[in-house]
Amino acid sequence: MVRRARTRLKDPVAAFPWSKLEKLRRGPLREGAFSSPLHSERIAARLGLLLGIAFTICFLTGLVSHFMQHQPGWLHWPTSPVWLYRVTQGLHVATGIAAIPLLIAKLWTVYPKLFAWPPARSLLHAVERGSLLLLVGGAVFELATGLINVARFYPWGFFFTTTHYWVGWITVGALVVHIAAKATEIRRGLSTPLRKPGELDRNPGSLSRRGFIITVGTATGAVTLATVGQTVTPLQDIAVLGQRHGNIGPQHLPVNKSAVEAKVTRDPSYQLIVDGPQRIVLNLQQLQAMPQHTVWLPIACVEGWSASASWTGVRVRDLLDLARIPHDAEIRVESMQQHGLYKASSLHTPHSRDSRTLLALRLNGQELDLDHGFPCRLIAPDRPGVLQTKWVSRLIPL
Ligand SMILES: Nc1nc2c(c(=O)[nH]1)N[C@H]1C(S)=C(S)[C@@H](COP(=O)(O)O)O[C@H]1N2
Ligand SMILES: [Mo]
């Protein structure tokens, strides 16, 4: 009989002689270095719950936005209710912004754990702690890049939407690992009252646990109220931190990219080309002579602002029919703009065939301003603002 020597692999982290490193335990590493009851499991669990809710909503609404801008074959986003994307994207930006004060408070509550001794109890514990780097790094990255994007400031060399999307997955993955690893502590933290009877829950001269939670909640509420007015119109006047105000801009509507920025000018020889089996070429007078329809639809920008307006123009489906373009064709909507990511968009069913999808010639009762896309711009129900192409010059089936 051959006997195999079985050596049990020892956990190198657990076997590490931490006790020999006791002399390192100074400053924040020493026992009891952080005495405030605010650095507690109870607060961490409550803030974590709020953050978990904000991150989940933010992630799911972010997926909606991503897949609408990179539409896969299986996605059939509806055209009604017309405000659906306005709500999902408004929630995406609002929950992202609300998460900023929550995350700062949560990181402050738990940062003493950075100095926990020993740094890791086992290999598994070391891996779990390492995953926190992904979680904290990812969360800070997502909130910071999102906020800077809302302010339309792009100081980085990478393409924002792709990076923001993938780091979103990494962050949520690390969040799931974190919740699983901390399930016991989370349950205990949530089920313990912030102040147990007869317990001292504050250091002298400091906030109580309840006071801390109320402070963080107030800050989060204030930040949210000061920004959601950019899409919740009744709160417009208090949206002091909002990037856009619903009715400020030419024809009472904000402008995202101006004609000057897009290098587009008025062109007296303008023609719209509909490049179907039957090629149609129309000048502005001919477009104006076609049956005109009026719809009340919002522009809902991915940056979080949105505003409704009255649009008048030609139904896209009428133009597609004239050019004999098949019903299910995906349409590329091209603009007079020569450069830039958003000079064209693609239009799928049901949006391409919806009776409310127009090439608008008029906005709020007036001829479309050059900044809003004169001579004509696409406006379709329930679609990201970034796909509502301005200065349209050509429709072609793909
Ligand atoms: N050709 C073109 N169309 C465009 C854009 C652009 O950069 N180029 N920006 C889009 C974005 S991001 C938004 S939010 C809406 C805003 O429309 P508005 O400027 O009329 O409010 O236009 C869209 N249409
Ligand atoms: Mo936008």
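Laboratory data are not the source of any read-out in this text; all were calculated from the coordinates shown. As the structure is a computational prediction, the values presented were derived from the model and not from experiment. A quick note on method: Cβ atoms are made from the backbone with ideal geometry, for glycine too, and the neighbour counts reach across all protein chains shown.
Tabulated results
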read-out	value
Ranking of Thr215, Thr227, Thr61 by count of other Cβ atoms within 10 Å, fewest first	Thr215, Thr61, Thr227
Residue (of His245, Ile214, Gly229) at the positive-pole extreme of segment 136-274, dipole from beta-carbon charges	Ile214
Whichever lysines have a C-alpha closer than 19 Å to that of Lys106, once near sequence neighbours (fewer than 8 apart) are set aside	Lys182
GNM result for the chain, Cα springs below 10 Å: residue of Arg46, Arg317, Arg25 fluctuating most strongly	Arg25
Residue exposure sequence - Lys106, Lys10, Lys113 - by fewest surrounding Cβ within 10 Å	Lys10, Lys113, Lys106
Exposure proxy order (Cβ contacts within 10 Å, fewest to most) of Val274, Val93, Val260, Val255	Val260, Val255, Val274, Val93
16 Å tail of the calculated P(r), segment 156-251, as % of Cα pairs	76 percent
Value of relative contact order over the chain, rounded to a whole percent, pairs C-alpha under 8 Å and six or more apart	18 percent
Formal net charge of residues neighbouring Trp305 (Cβ-Cβ distance under 12 Å; K, R +1; D, E -1)	+2
Kirkwood hydrodynamic radius (C-alpha pairs) into Stokes-Einstein, segment 75-168, 37 °C and 0.692 mPa s, D in µm²/s	204 µm²/s
With Cα atoms, 0 to 90° folded angle of helix 160-181 axis to the chain main axis	30 degrees
Cα centroid separation, segment 134-182 to segment 246-303 (Å)	35 Å
Mean Cα-pair separation over length for segment 1-151, i.e. relative contact order, pairs under 8 Å, 6 or more apart, %	38 percent
For the chain, built as a Gaussian network whose Cα springs stay under 10 Å, the top-fluctuating residue of Asp371, Asp267, Asp382	Asp267
Segment Leu21-Leu75, extension gain: residue separation times 0.36 nm, minus the distance between their alpha carbons	13.7 nm
On Cα atoms only, tilt of 209-228 relative to the major axis of the chain in degrees	10 degrees
Percent of C-alpha pairs per 5 Å bin, segment 133-177, short to long	5, 25, 31, 22, 12, 4, 1
Kirkwood hydrodynamic radius over Cα pairs of the chain, then Stokes diffusion coefficient at 10 °C and 1.306 mPa s, in µm²/s	64 µm²/s
Cα long-axis angle, helix 41-69 against the chain (0 to 90 degrees, to the nearest 10)	30 degrees
222 nm mean residue ellipticity, helices alone, for the chain (DSSP H n ≥ 4; -39,500 (n - 2.57); rounded to 500)	-13000 deg cm²/dmol
Alpha-carbon spread of segment 274-343, three principal axes, descending order, Å	39, 29, 26
Cα gyration tensor, segment 292-398 - rounded (a/c under 1.5), prolate or oblate	rounded
